Amino acid sequence: MASIEKPPGGGDHIQPVDLKTALEERYLAYALSTIMHRALPDVRDGLKPVHRRIVHAMSEMGVRPNTAYKKCARIVGDVMGKFHPHGDQSIYDALVRLSQEFAIRYPIVDGQGNFGNIDGDNPAAMRYTEARMTEVASLLLEGIGEDAVDFRPTYNEEDEEPVVLPGAFPNLLANGSSGIAVGMATNIPPHNVHELCDAALLLIKKPDATIEDLVEHVAGPDFPTGGTIIDNKKTIIDAYATGRGGFRVRAKWVQEDLGRGGYQIIITEIPYQVQKSRLIEKIAELLLARRLPLLEDIRDESAEDVRIVMIPKSRTVDPALLMEQLYRLTELENRISLNMNVLSMGKVPRVMSLKEVLVEWLAHRKEVLIRRSRHRLAEIDRRLEILGGYLIAYLNIDEVIRIIREEDEPKQVMMARFSLTDLQAESILNMRLRSLRKLEEFEIRTEFDNLSTEKAGIEALLASEDKQWTTIAWEVGEVKKKFAKATPLGRRRTDFADAPETDEEAISQAMIEKEPVTVVVSEKGWIRALKGHTTDRSALQFKEGDSLKIAFNAQTTDKVIIFTTGGKAFTLGADKLPGGRGHGEPLRIMIDMDNDQDVLTAFVLDTSRKLVVASHQGYGFLVPEGELVANTRKGKQILNVSMPDEAKLVIPAKGDHVAVVGENRKMLVFPAAQLPEMSRGKGVRLQRFKDGGISDLRVFNMEDGLSWDDSAGRNFVRKREELTEWMGDRATAGRTVPKGFPRSGKFAG
């Protein structure tokens, strides 16, 4: 039996396809579909297809601003059945957003029922809610039945839908848009229509206007929820010039006086697209985590308006500082991005500047005007033709009646007898008998004259570009009048302010709850912070072979300076130190301290002080304590030393004279003015030694005298006249220490 040959590529007409090519083609088709038909708005009417279809379906149903509301379920059903082949929930979500006054600046849908709220609560089901169009939707549709725009078949080719709406309202910028496509996204904040119309009128009058000129009118976004924009003008101009950028928006607040020096802060407006309930939850979480030490409590007293009450910890709390802290940690300050990525003329996705968006909208308005004018012209020509036939009929009424009564083909006879067109003859035959009254001829002539005048006007309009722009300017002016800043809907809600000059240190301090701690540093470089101020240091426990090096009282808001033998200063926040349980942690984990260096001393930062730093070999200088602050783990080199020399002393400099004692037990007293003030360096020689190095140093006021304690705890004071033999210039050798000076060579015994 002869074998049957299989068709190439296998049976069942299976064709082999290259996987890479197939994936590329199909993913590209998906990407294009998402960009064109779902995620990006059209620059001309500012709508995505789903929103356009909702507005068109409502128009087809006759749900106008002055008609009764209709169930949302009916509207969604019409949109889904005729125009939008997607899920009913996605259509209803889009419909709901078009009606939310807190989400859209100029609502396109007028909703009745529960349409959600600023807390993020869901709207009621579509079977319970009702809707109709607003004036904004009417403006977007104005002229849709006058051949203003192209139509295309719907997905099942049973109906037609508009490719774009006529868009007499600058919807893209007025209501904004956001969407994520494949490989691109868009985010346009809402703006004030009054300002947009002013900018459009400027462009009609002066087409070469710059972005700077436009920003004089369009100062920035105008959010439905208000707030304050704190960006400077240059940032705003740059964003509008490139189509990319962002705006920092802050909540508005007022201070409400409670009497007797008490007050509370009332937040009246929150940033755009921030859910109020989530915002309050976040602040409450921060309160529980003790990250808002200036705030006592928060409560929501909102009804129709936003009213969030903030109660400060005490009446001494600076309200501006408290709000700055909240702005940093919560969504009371939010950044709204600008990415004007839109479909240019409905076809090409690209990022456009403010001027380009307005120019394309005006170009669309011009095209709509020309198309509507031509449509009206065709209607006038048709009506004039009919009226011409009516006049002939009136002048020959008896003959017309005779032909209709007696002839078998009255239409053809009339056309031949009076030289009528087919339309004229058909119109005469369809005329009602009541139209034969005497006054009708006069009315026909009046209508004929009026239409002829209108026709001349339209022809003049179509022939002159200047007249076209004048008409568009008038239309824009009418929109501006309808949504003027004097109206409740049109008034600007978002204002502008410069970000206040804030003390960074004060804000960072305010974020830490102030509590007393005792900082303990061991000989081997372990550090910890015990709660409270501990006076009994003998009870402190250390690892085997380790002991106490230094302990001092501090607050959690303090900065702790660690000074090493390598002449480096490191800064640690007292609130960041390990707790008192256990032995703490090695400092080397927290700071990048070299292996051959040890901790020399540690103390609480006091920026009002100055210090004397000195090396073992007797070199040193005066340094303001603020210069020791280091913002990184690497620390800050203050005293330059090289082995075998190392940093030996860090002493507060409060006084007019310096007393230096060497390991050779010689003391020198010299004026503090001879010490140079530096922020970094090797310094100058303080005392000259033949052998050994520096032992101790003290800065004192000569009037009070030089004091020290011996090992037995007795205090000695030497006045000026008793110190004469030790007085000298810096860098001299000095004389043997006075009688009674401690054998340790230290002023503190």
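The values are calculated or read from the model by the stated rules, or taken from the named source; none is laboratory data. Just so you know, these numbers come straight off a predicted model, no measurement behind them. Cβ: placed from backbone, ideal geometry, glycine included. Neighbour counts: every protein chain shown.
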*From the list GLU333, GLU301, which one is surrounded by 17 or more Cβ atoms within 10 Å (Cβ to Cβ) and modelled with pLDDT of 90 or more?*
GLU333
*Taking LYS648 as the residue in question, decide whether it is basic (Lys, Arg), under 25 Å from GLY692 (Cα atoms) and surrounded by 17 or more Cβ atoms within 10 Å (Cβ to Cβ).*
yes
*What number of residues in region 530-576 are assigned to a loop (DSSP other than H, G, I, E, B) and free of Cβ contacts under 8 Å to residues at least 24 places away in the same chain?*
8
_Let me spell it out: the conditions are (1) crowded, with 18+ Cβ neighbours inside 10 Å; (2) in a loop (DSSP other than H, G, I, E, B); (3) out of contact with any Lys or Arg (no Cβ under 8 Å at 6 or more places or on another chain), and PRO207 meets all of them except one. Which number is the exception?_
(1)
*Could you say whether any residue in region 125-139 is basic (Lys, Arg), part of a loop (DSSP other than H, G, I, E, B) and in contact (Cβ under 8 Å) with a residue 60 or more places away in the chain?*
no
*Output the number of the condition that ALA199 fails; it satisfies all remaining conditions of (1) over 21 Å from the mean Cα position of the chain (by Cα); (2) assigned to a loop (DSSP other than H, G, I, E, B).*
(2)
*Taking into account only those residues within region 210-243 that are acidic (Asp, Glu) and assigned to a loop (DSSP other than H, G, I, E, B), which is surrounded by the fewest Cβ atoms within 10 Å (Cβ to Cβ)?*
GLU216
*Just wondering, is there one or more residues in region 664-683 that are over 18 Å from VAL612 (Cα atoms), of a type in the set (Phe, Trp, Tyr), assigned by TED's automatic domain parsing to the domain that holds LYS636 and not in a loop (DSSP other than H, G, I, E, B)?*
no
*For residues in region 711-726 being surrounded by fewer than 16 Cβ atoms within 10 Å (Cβ to Cβ) and of a type in the set (A, V, I, L, M, F, W, C), which is nearest to MET667 (Cα to Cα)?*
VAL717
_Residue pairs, Cβ under 9 Å, 6 or more apart or interchain, first in region 589-607 and more than 26 Å from ASP645 (Cβ to Cβ) and outside the structural domain of ASP546 (by TED's automatic domain parsing), second modelled with pLDDT under 85 and of a type in the set (S, T, N, Q). List them._
none
*Restricting attention to region 58-83, and to residues there that are in contact with a strand residue (DSSP E or B) (Cβ under 9 Å, 6 or more places away or on another chain) and crowded, with 19+ Cβ neighbours inside 10 Å, which single residue is farthest from ALA363 (Cα to Cα)?*
CYS72
*Restricted to region 120-166, and to residues that are of a type in the set (Ser, Thr, Tyr) and touching a helix residue (DSSP H, G or I) at 6+ places or on another chain (Cβ under 7 Å), which residue is modelled with the highest pLDDT?*
THR129
_Among the numbered criteria (1) of a type in the set (D, E, K, R); (2) more than 16 Å from TYR240 (Cα to Cα); (3) not assigned by TED's automatic domain parsing to the domain that holds PRO85, which one does GLU212 miss?_
(2)
*Of the numbered conditions (1) touching a strand residue (DSSP E or B) at 6+ places or on another chain (Cβ under 7 Å); (2) of a type in the set (Gly, Ala, Ser); (3) more than 18 Å from GLU523 (Cβ to Cβ), ALA647 satisfies every one except a single condition; which is it?*
(3)
*Residues in region 596-607: is at least one aromatic (Phe, Trp, Tyr), within 21 Å of LYS746 (Cβ to Cβ) and in a loop (DSSP other than H, G, I, E, B)?*
no
*asked:* Suppose the filter is part of a loop (DSSP other than H, G, I, E, B) and in contact with a Ser or Thr (Cβ under 6 Å, 6 or more places away or on another chain); does VAL182 pass it?
replied: yes
*asked:* If I ask for residues that are over 24 Å from ASP592 (Cα atoms) and more than 51 Å from the chain's Cα centre (by Cα), which ones from region 636-660 would you list?
replied: GLY655, ASP656, HIS657, VAL658, ALA659, VAL660
*On the given criteria, is LYS438 at pLDDT 90 or above and either surrounded by 17 or more Cβ atoms within 10 Å (Cβ to Cβ) or among the basic types (Lys, Arg) (or both)?*
no
*asked:* I'd like to know if region 85-98 contains one or more residues that are buried (at least 22 other Cβ atoms within 10 Å of the Cβ), at pLDDT 90 or above, of a type outside the set (Gly, Ala, Ser) and under 27 Å from VAL351 (Cβ atoms).
replied: yes
*What's the number of the condition GLU161 fails, among (1) over 15 Å from HIS56 (Cα atoms); (2) in a strand (DSSP E or B); (3) in contact (Cβ under 8 Å) with a residue 40 or more places away in the chain?*
(1)
*Being buried (at least 21 other Cβ atoms within 10 Å of the Cβ), more than 38 Å from the chain's Cα centre (by Cα) and closer than 25 Å to GLY681 by Cα, is that true of even one residue in region 542-561?*
no
*Select, from PHE542, PHE563, PHE552, PHE570, the only residue that is of a type in the set (Phe, Trp, Tyr), at pLDDT below 85 and in contact with a strand residue (DSSP E or B) (Cβ under 7 Å, 6 or more places away or on another chain).*
PHE542
*Out of all the residues in region 574-625, which are over 41 Å from the mean Cα position of the chain (by Cα), closer than 30 Å to VAL660 by Cβ and charged (D, E, K, R)?*
ASP594, ASP596, ASP598, ARG609, LYS610
